[in-house]
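One structure below.
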């Protein structure tokens, strides 16, 4: 897998008329055949889709060293701030709202783990609500600006943090699960770390969503090659249930993710425009390439201002019909161990 010059701008094209290929066993259903769906500019691997459960993934899978290269310091933003002022403020307001939703029903002083906490937007919101907060990240550089109340664990794999069994009342993976190289291993470790009846909350882009199907190769939430897996909601639930977590609810609306996804995905369908150009323009880091002319900057900003109200309406409609561009699945640790037949 060769490394493209800018991961934000890599082109994605639909692969048509190809036959199923033999692949490693699917981590959800163990099927060993998949259909190539998308080709990525500058990258040998393709996104293939499992013939049985619909899970999307890269084949061949990138190595651990290649995955580390996908995350320069600019990906996280400098000093804990990732976007331009107003957008960053809105992100933090929405994060506080999400924290209220995510921690509903938790006892005072509950212990919460945010896997892949990044710059700690959610950790701060959890700590403000009086919880004991822990976070994991792959590098210390990624955690610049994290609230000092958080207990950090720097590790490439959740299992390597060596945390005690039954430690946490709640574990959150907020748009992190799709980045991890071994989803089934992660789910098993989450189950081990949760207290009996403890809650797991995982938010991911919904590969089976209307937004994904309408915009196809232009879908903003594909985010290749950082997103190693693309979960239809049915496959995500199946992965949970097969590995000792009982799904209790799913939620299809995200003000932080879904409306912007509509605007950027539609812009990405205009092949003459830079892919993810609006996102790059709003990104705060000066190290992220912004090779846009003044007219193009104005076009992106006007598209943002005019498109967001329409996108909010679309996001509400798709949430009502359970076709949201992102989905949050809530699950609880089952008392019984995962069925050996299911996880073998």
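Here are the numbers:
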quantity: Spin-label model distance (nm) - residue 65 vs residue 249, 7 Å beyond Cα toward Cβ; calculated: 4.6 nm
quantity: FRET efficiency for residue 35 and residue 214, using Cβ-Cβ distance with R0 set to 22 Å, rounded to 0.05; calculated: 0.65
quantity: Largest-first ellipsoid semi-axes for region 218-288, taking √(5λ) over the Cα gyration tensor eigenvalues, angstrom; calculated: 30, 13, 13
quantity: Taking the chain and dividing mean pair separation by its residue count, relative contact order in percent (alpha carbons under 8 Å, at least six apart); calculated: 18 percent
quantity: Residue-span extension gain [residue 18 to residue 140] - 0.36 nm each, minus C-alpha spacing; calculated: 39.7 nm
quantity: Convex hull of region 7-47 built on C-alpha atoms - directionally averaged projected area, nm²; calculated: 3.6 nm²
quantity: Label corresponding to Rg and Dmax of the Cα atoms in Å when calculated from the structure given, among (1) 19.8, 74; (2) 19.4, 60; (3) 19.8, 64; calculated: (2)
quantity: Among 63, 209, 234: highest mean-square fluctuation, GNM of the chain, C-alpha pairs under 10 Å; calculated: 63
quantity: Inverse mean reciprocal Cα-Cα distance (Kirkwood Rh) of region 112-156, Å; calculated: 10.0 Å
quantity: Label point at residue 100 placed 7 Å out along Cα→Cβ; residues across region 187-210 whose backbone nitrogen lies under 14 Å; calculated: none
quantity: Relative compactness, region 125-273, computed as alpha-carbon Rg over 2.2 N^0.38 Å; calculated: 1.14
quantity: Extension gain (nm, one decimal) between residue 149 and residue 195, 0.36 nm per residue minus Cα-Cα; calculated: 14.4 nm
quantity: R0 of 30 Å, Cβ-Cβ distance residue 310-residue 234: FRET efficiency to nearest 0.05; calculated: 0.60
quantity: Residues listed by number, region 200-231, amide nitrogen under 13 Å from residue 321 label point at 7 Å toward C-beta; calculated: 209-214
quantity: Approximate spin-label separation residue 9-residue 182, in nm, with each point projected 7 Å along Cα-to-Cβ; calculated: 3.7 nm
quantity: The chain: most fluctuating residue of 237, 301, 333 per GNM, C-alpha cutoff 10 Å; calculated: 301
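Throughout, read-outs are computed from the coordinates displayed, never taken from laboratory work. Bear in mind that the values here come from a model prediction, so they are computed numbers and not experimental data. When we count neighbours, we look across all protein chains shown, and the Cβ atoms used for this are built from the backbone with ideal geometry, even at glycine.
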